[in-house]
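Engineer: Once you've had a glance at the structure underneath, I'll fire off some questions.
Here, each number is a calculation from the coordinates, and none is a lab measurement. All values reported here derive from a predicted model rather than from experimental measurement. All Cβ positions, even for glycine, are placed from backbone atoms using ideal geometry, and neighbour counts span all protein chains on display.
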Amino acid sequence: QMADKVGTAVGEVMPEDGRIVYTDFMIPGADPKLYEEVNDKSQLQPVVEEYLNEYDAESNGRPMGLVMFNDAIGHVSRIARVLRQPQGNALLLGVGGSGRQSLSRLATFMA
């Protein structure tokens with residue numbers, strides 16, 4: 001139906017997994033940070049894991065044993081985006097042990 005009305009099929013606009021990810025942390029240490037679309041999502045996981053390793057090295061407590069899967073990376077990127085906004089704040093919902101606090105700490109470190 002979309003192709004009939006718009007002239008373009010959904011598959012031509014959206015990636016196969018249906019997720020579009022924008023970040024400003026793909027280039028660590030960049031100044032200014034550029035908020036861009038991530039075209040190659042295979043590069044996203046190593047970058048987030050590198051930030052996690054840096055956080056673990058700089059934190060005084062025990063390291064966070066996080067597994068960065070696609071949903072967690074998406075949540076971290078959204079939290080980091082919100083925190084970089086002026087007066088940015090978010091209400092994170094989820095059951096206990098779902099990683100809200102850990103992902104928020106990592107996103108704060110990345111932002």
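Engineer: Note the full-extension length gain between E36 and E50 as 0.36 nm times their separation in residues minus their Cα-Cα distance, in nm to one decimal. Present the calculation step by step, with values, prior to reporting the outcome.
Structural biologist: Numbers: separation 14, 0.36 × 14 = 5.04 nm, distance 1.90 nm.
Full extension of this stretch gives 3.1 nm more.
Engineer: Relative to the longest principal axis of the chain, what angle (0 to 90°, nearest 10) does the C-alpha long axis of helix 100-110 take?
Structural biologist: So the inclination is approximately 90 degrees.
Engineer: Would you compute the Debye intensity of the chain from its alpha-carbon atoms alone, equal scatterers and no solvent, and pass along log10 I(q)/I(0) at q = 0.12, 0.14, 0.21 Å⁻¹ to two decimals?
Structural biologist: Scattering profile of the chain, log10 relative to I(0): -0.49, -0.64, -1.20.
Engineer: At 222 nm, what value in deg cm²/dmol follows for the chain if DSSP H runs of at least 4 each add -39500 (n - 2.57) and the sum is divided by all its residues, to the nearest 500?
Structural biologist: After summing the helix terms and dividing by the residues of the chain, the value is -13000 deg cm²/dmol.
Engineer: Please give the net charge around I27, taking every other residue with its beta carbon less than 10 angstrom from that of I27, where Lys and Arg add +1 and Asp and Glu add -1.
Structural biologist: -2
Engineer: Let me ask another. Farthest toward the dipole's positive end in the chain, which of L91, V67, A3, given Cβ charges of +1 (Lys, Arg) and -1 (Asp, Glu) about the Cα centre?
Structural biologist: L91
Engineer: Can you find, among L52, A80, S42, the residue farthest towards the positive end of the dipole of the chain? Put +1 on the C-beta of Lys and Arg, -1 on that of Asp and Glu.
Structural biologist: Checked the options; the winner is A80.
Engineer: Applying 1/(1 + (r/R0)^6) with R0 = 30 Å to the Cβ-Cβ distance of R84 and V10, what FRET efficiency is obtained, to the nearest 0.05?
Structural biologist: 0.50
Engineer: Tilt of helix 44-58 relative to the longest C-alpha principal axis of the chain, in degrees (0 to 90, nearest 10)?
Structural biologist: 10 degrees
Engineer: Can you list the HN-Hα couplings for the stretch 70-79, worked out from phi with the Karplus curve (6.51, -1.76, 1.60; θ = phi - 60°), rounded to whole Hz and with x for Gly and Pro?
Structural biologist: Karplus-based 3J(HN,Hα) across the stretch 70-79 equals 4, 5, 5, 5, x, 5, 4, 5, 5, 5 Hz.
Engineer: Output ³J(HN,Hα) for the stretch 24-32: one whole-Hz value per residue in order, computed from phi by the Karplus curve 6.51 cos²θ - 1.76 cosθ + 1.60 with θ = phi - 60°, and x for Gly and Pro.
Structural biologist: Listing the rounded values in order: 10, 10, 5, 10, x, x, 5, 9, x Hz.
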